[in-house]
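Could you have a look at this structure, given as structure tokens, before my questions?
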Amino acid sequence: MAKILLGVAAVVVLGVGVWAFTQTGNNDGGDTSSRAETSQSSDQTNGDRQAQNNEQPSEHAVAFTNEGFSPETITIEQGETVTWTNKSQEKMWVASSVHPTHNQLPGFDQREGVDEGASYSYQFQKKGEWSYHNHLRPSDKGTVIVE
Ligand SMILES: [Cu+2]
């Protein structure tokens, strides 16, 4: 009887050993998922930081996509900066109305076409409703409202 118990105990110990070994294997996966959680929480930190930035916005982002400017209309405070980033496969050349002279808001003119990934920033010192376009495809239009 004692031998049987010993045998059962041995099986249990072996079983626990195998389980522990398996768990060790799983723990690697567990580490990966906790690492993922860590990066998630740092994403959240980024989000919080962006949210904090949104409370006192001084920079505004507009994307130039294959469908045009997004958002098409953006409202900012006087003295704030808008940054356009080219996220299209076309070249981007941000320029004030009116094409092709761009003299509605002199200086608001990128003066060159740039590829995907490049960006252009302009600080709006004058209040008004400033329309602009992509000089290389003038049908792509947008508006910056400076209040
Ligand atoms: Cu133009």
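The values are calculated or read from the model by the stated rules, or taken from the named source; none is laboratory data. Remember, predicted model here, so these are calculated numbers, not experimental data. Cβ atoms come from the backbone with ideal geometry, glycine included; neighbour counts cover every protein chain shown. We work out accessible area using only protein heavy atoms, side chains counted, and drop any ligands, DNA or RNA first. Shrake-Rupley method; radii C 1.70, N 1.55, O 1.52, S 1.80 Å.
Against the definition (more than 14 Å from the chain's Cα centre (by Cα) and at pLDDT 50 or above), how does Val94 come out, yes or no?
Considered against the rule, which asks whether it is more than 14 Å from the chain's Cα centre (by Cα) and at pLDDT 50 or above, Val94 comes out as yes.
Still on this model: Of all residues in segment 45-67, which are over 18 Å from Tyr122 (Cα atoms) and at pLDDT 95 or above?
Correct list: Thr65, Asn66, Glu67.
Out of segment 110-133, which residues are more than 8 Å from the ligand (Cβ to nearest atom) and either open to solvent by less than 40 Å² (accessible area, probe 1.4 Å) or of a type in the set (Phe, Trp, Tyr) (or both)?
Once the filter is applied, which keeps residues that are more than 8 Å from the ligand (Cβ to nearest atom) and either open to solvent by less than 40 Å² (accessible area, probe 1.4 Å) or of a type in the set (Phe, Trp, Tyr) (or both), segment 110-133 yields Gln110, Gly113, Val114, Ala118, Tyr120, Tyr122, Phe124, Gly128, Trp130, Ser131, Tyr132.
So in segment 82-100, with the set limited to residues that are within 9 Å of the ligand (Cβ to nearest atom) and in a loop (DSSP other than H, G, I, E, B), which one is surrounded by the fewest Cβ atoms within 10 Å (Cβ to Cβ)?
This residue is Pro100.
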